[in-house]
Amino acid sequence: MAHKKLLVYFVFPMLLAACTSSPPHTRISVNNAWVRPAEAGQNSAVYFQIVNEGRMGDVLVSASSSIATAEMHESVERENGVMGMSPLSSVDVPAQSEVEFKAGGMHIMLINLTQPLTAGNSIPLTLHFEHGGKVVFEAEVRSLP
Amino acid sequence: MPGKMRLLFWLGLALLLAACQPYKFKGTEYPEGISAEDFTLTMTEGRPFRLSDQRGKIVLMFFGFTSCPDVCPTTLAEAKRIMEGLGDETENVRFVFITVDPERDTPEQLGQYVSNFHSENIGLTGTPEELQTVFDAYGIYAAKVPLEGSAAGYTMEHTARVFLVDQDGRLRLSYAFGTPDEDILQDVQYLLR
Ligand SMILES: [Cu+2]
């Protein structure tokens, strides 16, 4: 009897909770995250690798930070050595793949920092995925990868 | 042992020829004898900077802006590595960062930005007209481009090459964005020899 009660009041709700909150299909991780040093009021950029070990593709739809406006951008060469930067509305992260945000390429731009970024410190950043939901990670402040 | 002698002879000759090969620059070379167009701009603490006053030193020039989050800091981080790689010879090289965004880059901001990468870096600014004259002389494209829906407002699309002016004031080399810093360092060290 006690057994059954336990099942009903404890195990079932737990199972239910697990089903609704777990990211169902993707296994996303963010590695080697670093962010450039910068003064308060200035801009910076965050770089990392997104690894999707799952069997389903996902889409990075936005980024957020508590200390700046975070936007997804890509630096692109126009022509004759002219570099420009374009906003990205989303970034595909196919199944079993690695997507790299790196210097001179895709980056999370931090705009109008409310605090300085000093080498050696770390800041939290959140990526929002279409299926996987939020991924929170720490980026280390340093000037080189 | 004539066979062995002959082998030694050819081996020696090959080695000698290899040693005589002229140094191949890593950067894009300019035709010989082009003197770098002289200019005077303003350093961030207000003093003038004239290019022709830098004779005897190698000047590395880059055009950028301080709210640039990616391309400019990448180049400045490379410049820092070049300066560090030069060791005692750092004093014979100047790294100059010329703003393409005088509208937003105040001298204070520019000074702080460039010296955060290396204390010896020089930030230069001027009136839009003064700057445009320099851009024209070095073939620099710089244009304001609005960023749709971005908190950054606008970005500057700009030529992102590094230019090298040698100790005699000649425009010698330029480097594409993303050139490994060791390549530039090697050229600079060769020219300092
Ligand atoms: Cu950006």
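Couple of notes before you dig in:
- Taken over the stretch B:65-88, residues that are under 25 Å from A:VAL35 (Cβ atoms) and out of contact with any Leu (no Cβ under 8 Å at 6 or more places or on another chain) amount to 14.
- Answer from B:SER119, B:SER150, B:SER52 - the residue that is within 28 Å of A:GLY41 (Cα to Cα), polar (S, T, N, Q) and under 20 Å from the mean Cα position of the chain (by Cα): B:SER119
- Condition check for A:SER75: within 14 Å of chain B (Cβ to nearest Cβ), surrounded by fewer than 20 Cβ atoms within 10 Å (Cβ to Cβ) and within 13 Å of the ligand (Cβ to nearest atom): no
- Test: A:ARG55 is basic (Lys, Arg), surrounded by 14 or more Cβ atoms within 10 Å (Cβ to Cβ), at negative phi and away from the ligand (no atom under 16 Å from the Cβ): no
- Scanning the stretch A:95-119 for residues that are within 16 Å of the ligand (Cβ to nearest atom), of a type in the set (A, V, I, L, M) and either more than 10 Å from every other protein chain (Cβ to nearest Cβ) or under 21 Å from B:TYR175 (Cα atoms) (or both) turns up A:ALA103, A:LEU113, A:LEU117.
- Test result for A:VAL59, over 17 Å from A:GLU130 (Cα atoms) and modelled with pLDDT of 95 or more: no
- Residues that are polar (S, T, N, Q) and open to solvent by 30 Å² or more (accessible area, probe 1.4 Å) within the stretch B:136-193 comprise B:GLN167, B:GLN186, B:GLN189, listed in sequence order.
- Comparison of A:ALA95, A:ALA119 shows that the only residue that is more than 22 Å from B:CYS68 (Cβ to Cβ) and small (Gly, Ala, Ser) is A:ALA95.
- Some residue of the stretch B:36-55 being away from every other protein chain (no Cβ under 14 Å), open to solvent by less than 80 Å² (accessible area, probe 1.4 Å) and of a type in the set (Phe, Trp, Tyr): yes
- Strands (runs of 3 or more DSSP E) wholly inside the stretch A:32-142 that include at least 3 residues being acidic (Asp, Glu): A:69-77
- Selection count where residues are at pLDDT 95 or above, assigned to a loop (DSSP other than H, G, I, E, B) and not charged (D, E, K, R), scope the stretch B:24-66: 10
- Per-region count, the stretch B:70-94, residues within 13 Å of the ligand (Cβ to nearest atom) and either in contact (Cβ under 8 Å) with a residue 24 or more places away in the chain or under 14 Å from B:GLY123 (Cα atoms) (or both): 4
- A:ALA70 under 23 Å from B:GLN109 (Cα atoms), within 13 Å of the ligand (Cβ to nearest atom) and either more than 8 Å from chain B (Cβ to nearest Cβ) or exposed (fewer than 15 other Cβ atoms within 10 Å of the Cβ) (or both): yes
- Candidate set: the stretch A:79-94, residues that are open to solvent by 30 Å² or more (accessible area, probe 1.4 Å), away from the ligand (no atom under 12 Å from the Cβ) and modelled with pLDDT of 95 or more; chosen: the one nearest to the other protein chains (Cβ to nearest Cβ): A:SER89
The values are calculated or read from the model by the stated rules, or taken from the named source; none is laboratory data. Quick caveat, the model's predicted, so the values are computed rather than measured. Every residue, glycine as well, gets a Cβ built from its backbone with ideal geometry; the counts of neighbours run over all protein chains shown. Keep in mind that these areas ignore ligands, DNA and RNA; they rest on the heavy atoms of the full protein, side chains included. Shrake-Rupley method; radii C 1.70, N 1.55, O 1.52, S 1.80 Å.
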